[in-house]
1. Given a cut-off of 23 Å, name the pairs among A:K94/A:K178; A:K163/A:K213; A:K94/A:K151; A:K4/B:K143 whose C-alpha atoms lie farther apart than that in the structure shown.
2. Output the direction-averaged projected area (hull surface divided by four) of the convex hull of the alpha-carbon atoms of region B:1-81, in nm².
3. Give me the number: length gained by fully extending A:A31 to A:E215, i.e. 0.36 nm times residue separation minus the C-alpha to C-alpha distance, one decimal in nm.
4. Hey, with R₀ at 41 Å, roughly what FRET efficiency would B:T141 and B:Q49 work out to, going by the Cβ-Cβ distance, to 0.05?
5. Which FRET efficiency value, to the nearest 0.05, is calculated for A:R138 and A:A38 with the Förster distance at 35 angstrom and r the Cβ-Cβ distance?
Amino acid sequence: MDAKQMFGSLATQEQPPTTVDVNRAMAAGRAVRGRRRAAVAGTTAVITAVVAAGMVHPWVRKDDVAVSATPSVTPSATPSATPWPTYEGFAERKKQTPPKGKIAYVPPLLMWVSDAPVKNQLFLCEIGPNGSSCSGFRPIPAKEFARTQGKLRRVDVWFGVAKDAVHAVTAVTRDGRKVPGVLTRGVSPGIGLWSVEYPPGAAMRSLVFTGAKGETLQRIAL
Amino acid sequence: MSPDEEYTAYVTGRLSWLRKIAYPLCQDWHRADDLVQTAITRLYVKWRQARAADDLDAYVRVMLIRVFLAEQRGGWFSRVRLTSAISHQVPVESGDRDLAMDVNRALAAVPPRQRATLVLRFHCDLSVEQTAQALGCSTGTVKSQTSDGLATLRSMLDTPKSRLAPTEDR
């Protein structure tokens, strides 16, 4: 018996009834296609958000002039006080502390909210010019609307969390100048994330959080 | 005819052929069904590219072989039975059954990649070049895998070298 005959003997064996189901394959295939589409859409959305935010948001220059950045796909071509971060380690950080909701682009940071290992706390994770970090925060009390979470070292940026009632954030310098910040609402249910990048060396007096009609909701002295 | 209808018509018509390729790879009709089920699921995902292929049968055959080899690389714990109902083997003549059992035992002793090479070469009647293309390796690798696989089969079946397929390709 040669090899062909041997395989031939297997082929001539009567096949038992098959359990292969074409409809199930189609359903599973559709699910795979859907997951791939969702993954591609998600990645595209994040990239688009990052690029669009860089192009549209007012960007404070070193000379303290708020400008709309020139539309450009090349981040380095965008005028900015802080060099465009590379967001190195973003994937790793996101894997360790998965976002609970959206990822906000609040220049120069990418921020998101994640579940904290401590009860009744959430993590605010950020990645930017100084690398990445996560720090816990408790729910904002009923009387308050926003809270500072920290200030970046060597970079003039304050950042924090705000309730959804907050529609804008502005920093006020000691000499009375106003520096607009960037706020992304609804990052996680009821939570917005903000950042303010102010002119290097400027003495900051306070942060002002305003509502939908421009009314002042809260001031935080710095 | 919509793409889904085309897919259904093609798969329904080629199901038996696919099972006949899958069976010598794994020597178990239930596992063969699992392999075929996974392969046709992947085929559905890639149907747009597959239907444009020059040789759709070759495309699907490669898919099936890759599903088999990928399953071998994964641990036993990652193998999933895709069926809930288990059918019973159809009884065969006792002489055929003995032969089939011997062949299955011998094939099971052949490493998976060599087994895939033998199936493509002798069951699917592919040339060395076609087999190399399907497995994504060189023709030299196909020849050596064929030779090694046949040697294992010979030793398992106690068949003299001259009686099993010649290995003049090498």
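1. On the way: A:K94/A:K178 33 Å; A:K163/A:K213 15 Å; A:K94/A:K151 21 Å; A:K4/B:K143 16 Å.
In this structure, A:K94/A:K178 exceed 23 Å between Cα atoms.
2. Directional mean of the projected Cα hull area for region B:1-81 stands at 5.3 nm².
3. Details: separation 184, 0.36 × 184 = 66.24 nm, distance 4.78 nm.
Full extension of this stretch gives 61.5 nm more.
4. The formula returns an efficiency of 0.95 here.
5. Computed FRET efficiency for A:R138 and A:A38: 0.60.
Rule-based calculations on the coordinates, nothing more; no lab input. The structure presented is a predicted model; accordingly, all values stated were derived computationally and were not measured. Here Cβ is always computed from backbone atoms with ideal geometry, including for glycine, and neighbour counts include all displayed protein chains.
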